[in-house]
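Heads up, the thing below is written out as structure tokens.
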Amino acid sequence: MLKLGVNIDHVATLRQARYRGREQGEPDPVRAARICEEAGAHGITCHLREDRRHIVDRDVFALRRTVRTRLNLEMANTPEIVAIALQVKPDIVCIVPERREEVTTEGGLDVVAQEPALTETRRRMNDAGIEVSLFIAPDPPQIEAAARVGAQFVELHTGRFAEAFGDPAQREEELNRLVEGARLAHRLGLRVNAGHGLNYENVRWLHRVPHLVELNIGHSIISRAVFTGLARAVRDMLDAMAGYTGGMPGAA
Ligand code: PXP
């Protein structure tokens, strides 16, 4: 079964728009996480950014105390955030680029350029019992580097696919890159997640991508929740993801 990790950053974005610098405010991302889990989400994802523009430190610690499924902390590979992650001990961290120089032309983490530093962080996280995922474009050199780093997961960046969605030829091209990327990652022993820019329409096309374990989806779910409520928005996304057969048409 394809799992859904709900990214709750944008709940915090809305809170910060009014309550930045205050000890509490609404809407509360911790309450959002509870509703997502009750609606069937398999995990909760949040990103503690260096500028704390949405999720702040107290959220991450509170989520660690309350999340009953799996807590995925997205983070840059910087000493400050690594130290916080080692204190929080999420189930998994997903290392993402935060500064321009860490980003490939396709928007994922440039693992090739940062292999030693990422290997060191991967080792420290694993030693603390935390799994490691790397957010990368479906680009063979990056996937191979992720395997050399020793990551347990890659999260394939679906942003280019999402942007190309309106153009059938480009959509095919980007989908094929995801299919080939997932195959290569699987062959190299990596488990495969995907995310960024996924919504209720384009997510159905990812049924063609093999070996997917989990999708991390935020913006479209939080946006729909404004009109339908969060539990319904999560259930609708689970419905759109249901029936995933690992990329094999017709397989049960
Ligand atoms: N995965 C990663 C690594 C991300 O950085 C993000 C965006 O924060 C997402 C998934 C979710 O993207 P979206 O909000 O577009 O669904």
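Computed from the coordinates by the stated procedures, all read-outs in this text should not be read as laboratory data. Quick caveat: nothing in here was measured; it's all calculated off a predicted structure. Note that each Cβ is placed from the backbone with ideal geometry, even for glycine, and that neighbours are counted across all protein chains shown.
Observations
- Using the Cβ-Cβ distance between Val213 and Tyr19 with R0 set to 41 Å, the FRET efficiency from 1/(1 + (r/R0)^6) comes to roughly 0.70.
- The helix-only estimate of mean residue ellipticity at 222 nm for the chain, built from DSSP H runs of length n ≥ 4 each weighted as -39500 (n - 2.57), is -13500 deg cm²/dmol after division by the residue total.
- Whole-Hz Karplus values for the range 178-184 come out as 5, 4, 5, x, 5, 5, 5 Hz, taken residue by residue from phi with 6.51 cos²θ - 1.76 cosθ + 1.60 and θ = phi - 60°; glycine and proline positions read x.
- Ordering His42, Thr78, Ile95 by the projection of their Cα atoms onto the charge dipole of the range 33-98, which places +1 on the Cβ of Lys and Arg and -1 on the Cβ of Asp and Glu, puts His42 at the extreme positive end.
- Per-selection Rg to Rh, the range 53-92 - Cα, Kirkwood hydrodynamic radius: 0.93
- Remark: the chain carries a charge dipole of roughly 780 debye about the Cα centre, counting +1 on each Lys and Arg Cβ and -1 on each Asp and Glu Cβ.
- Ratio of Rg to Rh for the range 42-181: 0.99 [Cα atoms; Kirkwood radius as inverse mean 1/r over pairs].
- The dipole here belongs to the range 21-73: it is taken about the Cα centre, uses +1 on the Cβ of Lys and Arg and -1 on the Cβ of Asp and Glu, and is about 140 debye.
- P(r) tail fraction, the range 112-252 - alpha-carbon pairs more than 27 Å apart, %: 26
- Packing-based ranking, highest mean first, of 15-27, 68-80 given that Cβ atoms within 10 Å are counted: 68-80, 15-27
- Taking Cα centre as origin and charging only the Cβ of basic (Lys, Arg, +1) and acidic (Asp, Glu, -1) residues, the dipole magnitude of the range 31-127 rounds to 560 debye.
- Full-extension gain in nm, Arg58 to Ile84, via 0.36 nm per residue minus C-alpha separation: 8.3 nm
- Neighbour-count ranking [beta-carbon atoms within 10 angstrom, fewest first] of Glu172, Glu131: Glu172, Glu131
- Given charges at Cβ of Lys, Arg, Asp, Glu: the chain dipole, positive-most of Pro140, Gly181, Ile217: Ile217
- Take every Cα pair under 8 Å whose residues are at least 6 apart in sequence, average their separation, divide by the length of the chain, and the relative contact order is 19 percent.
- Given in Å, the Rg to one decimal and the Dmax to the nearest whole number for the Cα atoms of the chain are 17.2, 52.
- A Förster distance of 35 Å, applied to the separation of the beta-carbon atoms of Ser223 and Arg187, puts the FRET efficiency at 0.45.
- The amide H of Val103, built 1.01 Å from its N in the peptide plane, has Asp110 as neighbours under 5 Å, considering only residues 5 or more places off or on other chains.
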